[in-house]
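I have placed the structure first, in the form of structure tokens, so that the comments after it can refer back to it.
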């Protein structure tokens, strides 16, 4: 059995879960038994919306071995501190895979590392992990020109409301997050032309030609689907992860800094994300066809 542990929380969001859904789906297409593990019920519901209906819920990375057994394969996709578990899990699970945005991370105990750039490292596979639904031809059909804004799955500090001047009168549509507070939409409806339920995430990424987001995974998936994408970066970002976005043809803008929306999406790029989930799944658990 292959387990994909995807960290999720009301402050962190669902980027890991979306990668996990992509990988579990790709593995199942290749005839592999694969199980998604998440941290909370809402993440499980989001995974179901994306096509994985049977996610298992645990509290933290410390509980992965309560589900996976010795000899199983485990993929860890989490920002949690892995120091207390990596060596132990590397001895128990085969293979052990670690997903990270840190290009300076190197395999310590024989774990395979998935990260933006590998620099000819032996135990490394280059990301991003992209669901095939965004790369198939239908996802790139004629798209609606309205700007879609997706801040992320969570806005715990209500940053969107604090930066109302960023949106001006452009009539953007907002794709809401799974972890938004109850009744938050009442305030948000005053800033946006239309509010879209989070269950429409995959459909919207394939339907819109212009997308602004503060989610790296959303930026990569929307770009793979053929949209022009602007990513709102912040000061804590990994330079390596940002370089990956640029290499995929994604425009970087500063977090909520006013921009000229008339020219933001003028430059079209032919650059596309690298290998998708199915190629990575083959590289990890089958015969590579890269």
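The values are calculated or read from the model by the stated rules, or taken from the named source; none is laboratory data. Since we're looking at a predicted model, the values are computed, not measured. FYI the Cβ positions are ideal-geometry reconstructions off the backbone, even for glycines, and counts take in every protein chain you see.
The table that follows gives values for the structure above.
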read-out: Criterion (free of Cβ contacts under 8 Å to residues at least 40 places away in the same chain, over 21 Å from residue 136 (Cβ atoms) and in the same structural domain as residue 123 (by TED's automatic domain parsing)) met by exactly one of 73, 68, 90; value: 90
read-out: Leading residue by the ranking (surrounded by the most Cβ atoms within 10 Å (Cβ to Cβ)) among those in the stretch 11-50 that are more than 15 Å from the chain's Cα centre (by Cα) and in a loop (DSSP other than H, G, I, E, B); value: 39
read-out: Selection from the stretch 4-18 of residues that are closer than 16 Å to residue 114 by Cβ and in contact with a helix residue (DSSP H, G or I) (Cβ under 7 Å, 6 or more places away or on another chain); value: 4, 5, 6, 7, 15, 17, 18
read-out: Qualifying residue in the stretch 179-200 (condition: at pLDDT 95 or above, in the same structural domain as residue 257 (by TED's automatic domain parsing), in contact with a helix residue (DSSP H, G or I) (Cβ under 6 Å, 6 or more places away or on another chain) and within 17 Å of residue 261 (Cα to Cα)); value: no
read-out: Selected residue (only one of 61, 125 is over 19 Å from residue 199 (Cα atoms), touching a strand residue (DSSP E or B) at 6+ places or on another chain (Cβ under 6 Å) and buried (at least 20 other Cβ atoms within 10 Å of the Cβ)); value: 125
read-out: Residues within the stretch 56-95 that are in a loop (DSSP other than H, G, I, E, B) and out of contact with any helix residue (DSSP H, G or I) (no Cβ under 9 Å at 6 or more places or on another chain), tallied; value: 5
read-out: Top-ranked residue in the stretch 149-203 [being surrounded by 22 or more Cβ atoms within 10 Å (Cβ to Cβ) and in a helix (DSSP H, G or I); ranked as farthest from the chain's Cα centre (by Cα)]; value: 160
read-out: Checklist (1) closer than 15 Å to residue 5 by Cα; (2) in contact with a strand residue (DSSP E or B) (Cβ under 9 Å, 6 or more places away or on another chain) applied to residue 79, failing item; value: (2)
